[in-house]
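Everything on this sheet refers to the single structure shown next.
The values are calculated or read from the model by the stated rules, or taken from the named source; none is laboratory data. Keep in mind that this is a model prediction, so the values were computed, not measured. Using ideal geometry, Cβ is built from the backbone for each residue, glycine included, and neighbour counts are taken over all protein chains shown. Accessible surface is based on the protein model in full, side chains and every heavy atom, while ligands, DNA and RNA are left aside. Shrake-Rupley method; radii C 1.70, N 1.55, O 1.52, S 1.80 Å.
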Amino acid sequence: MTSNKSNIDRLLTQVGELPPMPAVAQRALALIRDPDSNMGDLANTLAMDQAMASLVLRWVNSSYYGLKYPVSTVQQAVAYLGQRTLHSLILAASVAALLDRPVPGYALDRGDLWRHSIGVAAGARLLAAKHGSKIAEEAYHAGLLCDIGKLAFEILLRNIDTSEADWQGYSFTDLETAHFGVDHATLGAEMARRWNLPASLIDAIKFHHRPSQAGEGAVLASAVHVADAAIMMLGIGIGKDGLQYDLDPVACERMGWSEANMKDLLERVIPFIEEADNFIRLRRR
Ligand SMILES: [Fe+2]
């Protein structure tokens, strides 16, 4: 255990400066955990980043939400969408810059990781909905952040030729473990810990490929795992990571999910990915 921890520390030192969790996202997550937070707090958080606030409002007004009347203020958006959904939108907008990067070691072009993460987040939220709206939004956050470890691995992989024969035909998580001693899920969980994210979220990130081993984040990890498999099957943002995906039956059972439900899940997730594409194009301008 200790050697694993020192290995992770060594790897993250090797990576150097980690992408920081944007201050606005940290604040948004803190608000979600604070039962006393209110619309004023949310408006203040958005005011920290006006460009992002305007993006969020444009996204809220997009066809995905199908609002009857356009909304022009955060207060109206909260009234239409509810505070939790808006928090999730703020988080997505905040981490868009992190996730909208090319990850060449995984053969992911710019936008692929963002599109994949949004798809997993939206799918995980749908799957977790029967556990209540709070868990559903947490599942969204876990899905959005589950692959942040790839951002660190991208730097470590720069010195490795992943087109070589011994990188072919295996799942990327197995290869990460074989080469570095940990996979992107474990590394991402440590990044999340250093970003002071809540324990259940850290646990869900750590075990999103091994949900049966998850502890307090078991439902979140299972929702993310199943959604991840679904989005992989859809072929969105798979890069080299989509060669193999072992779907954990424990996670399927926990989420009451079977492959027969796949079509329905994907049909509901695709519009959200399309809107996320529009969002990222707006952001790049
Ligand atoms: Fe992953």
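Observations on the structure shown:
- Helix 83-99 axis, angle to the chain major axis (alpha carbon atoms, nearest 10°): 50
- For Thr73, Thr45, the ranking by accessible surface with the largest value first comes to Thr73, Thr45, using a 1.4 Å probe.
- Residue of Glu176, Glu154, Glu267 that the Gaussian network model of the chain assigns the largest fluctuation, springs spanning Cα pairs under 10 Å: Glu267
- Think of it as helices only: each DSSP H run of n ≥ 4 in the chain is worth -39500 (n - 2.57), and spread over all residues that comes to -20000 deg cm²/dmol at 222 nm.
- Straight-distance candidates among the aspartates and glutamates for linking to Lys134, with alpha-carbon spacing under 14 Å and chain neighbours fewer than 8 residues away dropped: Asp34.
- Placing unit charges on the Cβ atoms only, positive for Lys and Arg and negative for Asp and Glu, gives segment 71-220 a dipole magnitude near 660 debye about its Cα centre.
- Surface share of carbon and sulfur [accessible, 1.4 angstrom probe, percent] for segment 172-285: 47
- Solvent exposure of the chain amounts to 43 Å² per residue of accessible area, where only protein heavy atoms count and the probe is 1.4 Å.
- Atom-type composition of the exposed protein surface of segment 54-137 places 53 percent of the accessible area on carbon and sulfur (1.4 angstrom probe).
- Rounded tilt (10° steps) of 23-33 against the dominant C-alpha axis of the chain: 80
- When you count the other C-beta atoms within 10 angstrom of each residue and take the mean per peptide, 23-29, 183-189 line up highest first as 183-189, 23-29.
- Degrees separating the helix 262-284 axis from the principal Cα axis of the chain, which is the longest one: 80
- Global form of segment 39-83, assessed from the alpha-carbon gyration tensor, a/c cut-off 1.5: oblate
- Mean shadow area of the chain over all directions, Cα convex hull, nm²: 14.6
- Segment 81-166: C-alpha gyration tensor shape, a/c 1.5 cut-off, then a/b vs b/c: prolate
- Simple label model, 7 Å out from Cα along Cβ direction - Arg193 to Gln14, nm: 1.8
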